[in-house]
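Single-structure report; data block below.
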Amino acid sequence: MTAGIALLSPEVQLVATLRRASGWADTCLESREDVPVLVCDMVLAAQQAVALALCAVGDRIPEQAGATELLLRAASPARLPAPYTLPLPRSMRRDFEALVAARNAIMHPRGACWQILPMPLSAGLKASLAIIRHLILIQPVLADLVSPQQAEAITRDLVAVDALAEFLDDSALT
């Protein structure tokens, strides 16, 4: 028997996660039960992007690093040198942490109702999008961190999630 079903590179994992998230973004307005899965996938995609960038510069990721811990590593010039360092303003960190808290509420159920309001969802999605775009598309630490085909797929899937975040912003104002 083989050790695993499939060997997936970190890049392939990120592309697959974003492909799923894009699908959830397309359906979650009609199907509320898709929102928690979208939240989980977007937190995971941000973590995957951070881990990919940090590993490319030789940083060893701790076995059970939390989502915010990974962000702080990527925001540290000591770990991810300029110009690759993740810009992490306080507001972006807060918005991402709110998305992580929503993800944790789903992943660690307590027998209570789960809810996320449109504005925190939109802000958290936008924070995840910014993290992924910066580390993978705008300022990758390696020119070939992802292949051109993977970059195209990532870009396409980010657009779908971004459209949902913008819609949530607009609908919250009316």
**Overall form of segment 109-164 per C-alpha gyration tensor (a/c, 1.5; a/b vs b/c)** = prolate
**Span-like helix ranges in the chain, DSSP H, alpha carbon extent 24 angstrom or more, Kyte mean at least -0.5** = 10-27, 35-56, 90-107, 148-173
**Request:** Can you tell me how much longer the chain between R90 and L72 gets when fully stretched, taken as 0.36 nm per residue apart minus their C-alpha distance, in nm with one decimal?
**Result:** 5.4 nm
**Request:** Add +1 for every Lys or Arg and -1 for every Asp or Glu among the other residues with Cβ under 10 Å from the Cβ of D162, and state the total.
**Result:** 0
**Request:** Considering only A130, A143, A151, give the residue with the highest GNM mean-square fluctuation for the chain, with springs between Cα atoms whenever their separation is below 10 Å.
**Result:** A143
**Asked** How many angstrom lie between the C-alpha centres of segment 9-35 and segment 91-149?
**Response** 12
**Prompt:** Tell me, what is the FRET efficiency for D170 and R19 to the nearest 0.05, using R0 = 25 angstrom and their Cβ-Cβ distance as r?
**Reply:** 0.50
**Asked** How far, in nm, would the chain grow between E152 and I5 when pulled straight, counting 0.36 nm per residue and subtracting the alpha carbon separation?
**Response** 50.3 nm
**Message:** At 222 nm, what value in deg cm²/dmol follows for the chain if DSSP H runs of at least 4 each add -39500 (n - 2.57) and the sum is divided by all its residues, to the nearest 500?
**Reply:** -21000 deg cm²/dmol
**Asked** Which of I131, I138, I61, I5 comes first, and how do the rest follow, when ranked by fewest Cβ neighbours within 10 Å?
**Response** I5, I138, I61, I131
**Fill in**
Between C113 and T27, Cβ-based FRET efficiency (R0 22 Å, step 0.05) works out to 0.60
**Which labelled figure in (i) 28; (ii) 36; (iii) 42 is percent of Cα pairs over 26 Å apart, once derived from the coordinates** = (i)
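Throughout, read-outs are computed from the coordinates displayed, never taken from laboratory work. Small disclaimer: the values here were computed from a predicted structure and weren't measured. Ideal geometry is used to build each Cβ from the backbone, glycine not excepted, and the neighbour counts take in all protein chains shown.
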